[in-house]
1. For the stretch 19-30, does any single residue satisfy the condition of being part of a helix (DSSP H, G or I), over 12 Å from the mean Cα position of the chain (by Cα) and small (Gly, Ala, Ser)?
2. In this structure, is Gly64 of a type outside the set (A, V, I, L, M) and modelled with pLDDT of 90 or more?
3. Are any of the residues in the stretch 2-14 of a type in the set (Lys, Arg) and in contact with a strand residue (DSSP E or B) (Cβ under 7 Å, 6 or more places away or on another chain)?
4. Using the structure shown, decide if Lys57 is without any contact (Cβ under 8 Å) to a residue 24 or more places away in the chain and of a type in the set (D, E, K, R).
5. Name the pairs: first residue in the stretch 12-41 and more than 16 Å from Pro54 (Cβ to Cβ), second residue in a strand (DSSP E or B), Cβ to Cβ under 6 Å, at least 6 apart or on different chains?
6. When you go through (1) farther than 18 Å from Gln65 by Cβ; (2) in contact with a Gly (Cβ under 9 Å, 6 or more places away or on another chain) one by one for Asp45, which number turns out not to apply?
7. I need the full set of residues from the stretch 31-58 which are buried (at least 19 other Cβ atoms within 10 Å of the Cβ), of a type in the set (A, V, I, L, M, F, W, C) and part of a strand (DSSP E or B), in order please.
8. Residue by residue through the stretch 1-18, note down the ones that are surrounded by fewer than 11 Cβ atoms within 10 Å (Cβ to Cβ) and either within 13 Å of the chain's Cα centre (by Cα) or assigned to a helix (DSSP H, G or I) (or both).
Amino acid sequence: MKTKQEAGEILGLKSFDCALPQTWVDACYERGWDVRPHFVWSYDDIMLSGAPHPVTKEGNRMAGQMAAFIS
């Protein structure tokens, strides 16, 4: 099993943090998603505050559920 650091590097993320914002983790947990092992916080030149990025298959599944929940 790869670490989140290794997964982020394999995915080619240039700037990311394995630590996630606690308020985001708490909000996800309240909706039944334990995002901690499945996401990193990714940064780019446009979004200075960053955004969650899935690094596992389960993370991709959760991201799809989150998108459906928001829309």
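The values are calculated or read from the model by the stated rules, or taken from the named source; none is laboratory data. What you see is a predicted model; the values in this text were computed from it and never measured. Ideal geometry is used to build each Cβ from the backbone, glycine not excepted, and the neighbour counts take in all protein chains shown.
1. yes
2. On the way: of a type outside the set (A, V, I, L, M): yes; modelled with pLDDT of 90 or more: yes.
Answer is yes for this residue.
3. We begin by selecting, within the stretch 2-14, every residue of a type in the set (Lys, Arg); these are 2, 4, 14.
Okay, now just the ones that are also in contact with a strand residue (DSSP E or B) (Cβ under 7 Å, 6 or more places away or on another chain), so 4.
For the stretch 2-14, residues of a type in the set (Lys, Arg) and in contact with a strand residue (DSSP E or B) (Cβ under 7 Å, 6 or more places away or on another chain): present.
4. Working: without any contact (Cβ under 8 Å) to a residue 24 or more places away in the chain: yes; of a type in the set (D, E, K, R): yes.
Spelling it out, Lys57 is indeed without any contact (Cβ under 8 Å) to a residue 24 or more places away in the chain and of a type in the set (D, E, K, R).
5. So the pair list comes out as Ser15/Tyr43.
6. It is condition (2) that Asp45 fails.
7. If the condition is that a residue be buried (at least 19 other Cβ atoms within 10 Å of the Cβ), of a type in the set (A, V, I, L, M, F, W, C) and part of a strand (DSSP E or B), then Phe39, Val40, Trp41 are the ones that fit.
8. Result: Ile10, single match.
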